[in-house]
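Notes to accompany the following structure.
FYI, it's all coordinate maths here, none of it is from the lab. In this text the structure is predicted, and so the values were computed from the model without any measurement. Glycine also receives a Cβ, built like all others from the backbone with ideal geometry; neighbour counts cover every protein chain displayed.
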Amino acid sequence: MNEIRFHGMGGQGAVSGALMLAEAAFNEGKYAQKIPVYGGMRRGGDVTVFLRLDDKPIRRTSGIYEPDALIVLDPALVEHPKVRQGLKKGGTAILNHTIKPSEVDLGVELSNVATVDATSISVEVFGVRAIPIVNTIIMGAIAKATGWVKLDSLYEPIMHAFPGRIGELNVEAVKKGYDAVEVRK
Amino acid sequence: MITEEFTRMMDGNEAAAWGAKLARAEVVPAYPITPQTELISHIATFIAEGKMKAEYIKVEGEHTAMAAGIGASTAGARVFTASSSQGLVFMEEPLWQPPGRRLPIVMCWVNRSMAPLGGLRPDHNDALLQRDTGWIQLYCENSQEVLDTILMGYKIAENNQVYLPVAVNYDGYFVSATATPTTVPAQTKVDEWLPPYKHEWYSLMPEDFRAPPMRDFLQVRLGVAEANEKAKKIIEEVDTDYKKVFGRGYDGLLEEYNCDGAEAVIVTMGSMTGTARDVVDEMREKGKKIGLIKLRGFRPFPTEEWQKIAPKYKAIGVVDRNNSFGSAGGGVVSMELARALYHVEDKPLLVNFHVGLSGTDVTMNQIEYMCNETLLAAETGEVKNAVDWVETHDLGEVM
């Protein structure tokens, strides 16, 4: 079982992004499960999402405390001790950040580190917003850095969630994330 | 309109909305604001987009939601609604009407913790507080079970030996917002299995006006008690039949999981059951003689089934995601089970755990701890703590 933990701020799309990734994996024949954790407030509050991928049905509903992979949607959260807590040695980290993967230090040896400046790409694709939407950009980065899902498997879940123009913009965003991500294995 | 079966990632709320839609619920009276969940917003969307033919009555509070549901059900409409925590409790006053009036309303109780400091996350106090109302209470483990149980719920509720309302319970967050692959059966198949609602006792047609007499308090109460007894068999039968037609079943009111040769078992309700399955399997591989019992039906309580299976085990650990302050001992489920087993010879020891209160996570570590404590009681013949507040021990992370 692959246990992945997402951290983001409300409004960046961590919950819907994780769901689209889960759907893409499911459409490829894997089992998936997405559990979001947030408080009463949405926009601006901290959001954690647990995502599990496996070859067999996933039964446990508990949180993920020792993730195989960490996905951080907001650069400000990378430094937070709660965010990096429990990340497994030899694990994966994919961050929305301007630094290079070689500069990433999460206090544990990792086998796969990737960074993408999703905030800048978001401005390019969606324009300037109080809380930049970065989820689909990160999904593209994940597809390239990990191979958990194929890039084109993400298109259907995106268009299902956002039919029409918004979906098309997000498909563009996911491709840009895929192309822009820097990976160090 | 989608008529073919399909499977998608879906959370419990969306699955519940599909359940109500497939059951062709005709009237959905609901209060749409907190503590209501997204379930009602999914249904409102179905109706607004013309995908579901139902009257959505947006009322000013949960009390009115149930009052409107009682009226609609009496008038011959299939009724669906939902609420949680403080909203469900606000509904308490009219909530007593459907069982006595024998109205087969199906409702989701999305379990969320009570005030003060309650919130979006689950425990079971909101539902267990309705213990004495006469509602049938079933508890689901994941979105698939939610959808299936709503369909089964109508079949049970509308059975002329039952005619009772059914509450389909599922945990906030861990089911309501947790997406897992969920199969939505074909509408045509559901239509074949679940015929339109027609109450044999009621008719509001002027040429054939009938309603059961409601004068005798005792008769009404005896009727509800008897219907609860009869419901036990009907719930089993509906489950078996559902499995035959749709390929998924849930063992009625109670499921024994990996219990062969077990000396001790733990008892769970709702979403934590999935986690417990993984823990029990892992412990079995290490040679520990532990099993799991999923209590799916709390009302009617499967007393006879418990009495039959309990003597196989030396100790039973009941996991109560609720409190009953100042009680005879421990949580609501554990007290219920103690009464069920009181006259049983060779009854096992009872250990009681409080855990996951106000939606704190029930972790693998905590479940392993509870399994080990129950095994210890089985080995030593002694119960260390009659009531154990698991969260007071440091067993690693909780969120």
Listed by first then second residue, the pairs whose first member lies in segment A:72-83 and is without any contact (Cβ under 8 Å) to a residue 60 or more places away in the chain, whose partner is hydrophobic (A, V, I, L, M, F, W, C) and surrounded by 11 or more Cβ atoms within 10 Å (Cβ to Cβ), with beta carbons under 6 Å and at least 6 positions apart or on separate chains, are A:Val78/A:Val72; A:Val78/A:Leu95
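Kindly check whether there is at least one residue in segment A:75-87 that is surrounded by 13 or more Cβ atoms within 10 Å (Cβ to Cβ) and either touching a Phe, Trp or Tyr at 6+ places or on another chain (Cβ under 8 Å) or within 10 Å of chain B (Cβ to nearest Cβ) (or both). I'd like the intermediate steps shown before the answer.
So in segment A:75-87, the residues surrounded by 13 or more Cβ atoms within 10 Å (Cβ to Cβ) come out as A:75, A:77-78, A:80, A:83-87.
From the residues that got through so far, the ones that are either touching a Phe, Trp or Tyr at 6+ places or on another chain (Cβ under 8 Å) or within 10 Å of chain B (Cβ to nearest Cβ) (or both) too are A:85-86.
Checked segment A:75-87: at least one residue is surrounded by 13 or more Cβ atoms within 10 Å (Cβ to Cβ) and either touching a Phe, Trp or Tyr at 6+ places or on another chain (Cβ under 8 Å) or within 10 Å of chain B (Cβ to nearest Cβ) (or both).
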Could you list, in sequence order, the residues of segment B:249-294 that are over 21 Å from the mean Cα position of the chain (by Cα) and within 11 Å of chain A (Cβ to nearest Cβ)?
-> B:Asp278, B:Val279, B:Val280, B:Asp281, B:Glu282
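Matching residues to (1) in contact with a helix residue (DSSP H, G or I) (Cβ under 7 Å, 6 or more places away or on another chain); (2) under 20 Å from A:Gly8 (Cα atoms); (3) assigned to a helix (DSSP H, G or I); (4) among the acidic types (Asp, Glu):
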| residue | (1), (2), (3), (4) |
| --- | --- |
| A:Arg129 | no, yes, no, no |
| A:Ile138 | yes, yes, yes, no |
| A:Val149 | yes, no, no, no |
| A:Ile158 | yes, yes, yes, no |
Identify all residues within segment A:109-127 that are touching a helix residue (DSSP H, G or I) at 6+ places or on another chain (Cβ under 8 Å) and surrounded by fewer than 15 Cβ atoms within 10 Å (Cβ to Cβ); write none if there are none.
-> A:Glu124
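For segment B:263-279, which positions are in contact (Cβ under 8 Å) with a residue 40 or more places away in the chain, within 18 Å of B:Phe174 (Cβ to Cβ) and in contact with a Phe, Trp or Tyr (Cβ under 7 Å, 6 or more places away or on another chain)? Step through it out loud before you land on a result.
Here is the first cut: in segment B:263-279, the ones in contact (Cβ under 8 Å) with a residue 40 or more places away in the chain are B:263-276, B:278-279.
If we keep only those that are within 18 Å of B:Phe174 (Cβ to Cβ) as well, we get B:266-276, B:278-279.
Passing the criteria: B:Met269, B:Gly270, B:Ser271.
Would you kindly identify the helices (runs of 4 or more DSSP H) lying entirely within segment B:136-255 that contain at least 3 residues that are without any contact (Cβ under 8 Å) to a residue 60 or more places away in the chain? Give the derivation first.
Values: elements: B:143-157, B:187-193, B:217-246.
The helices (runs of 4 or more DSSP H) meeting that bar are B:217-246.
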The condition of being within 13 Å of chain B (Cβ to nearest Cβ), more than 13 Å from the chain's Cα centre (by Cα) and among the small types (Gly, Ala, Ser) holds, among A:Ala25, A:Ala14, only for A:Ala25
Restricting the search to segment B:318-346, which residues are surrounded by 12 or more Cβ atoms within 10 Å (Cβ to Cβ), more than 16 Å from B:Arg299 (Cβ to Cβ) and of a type in the set (A, V, I, L, M)?
-> B:Val318, B:Val319, B:Ala338, B:Leu341, B:Val344
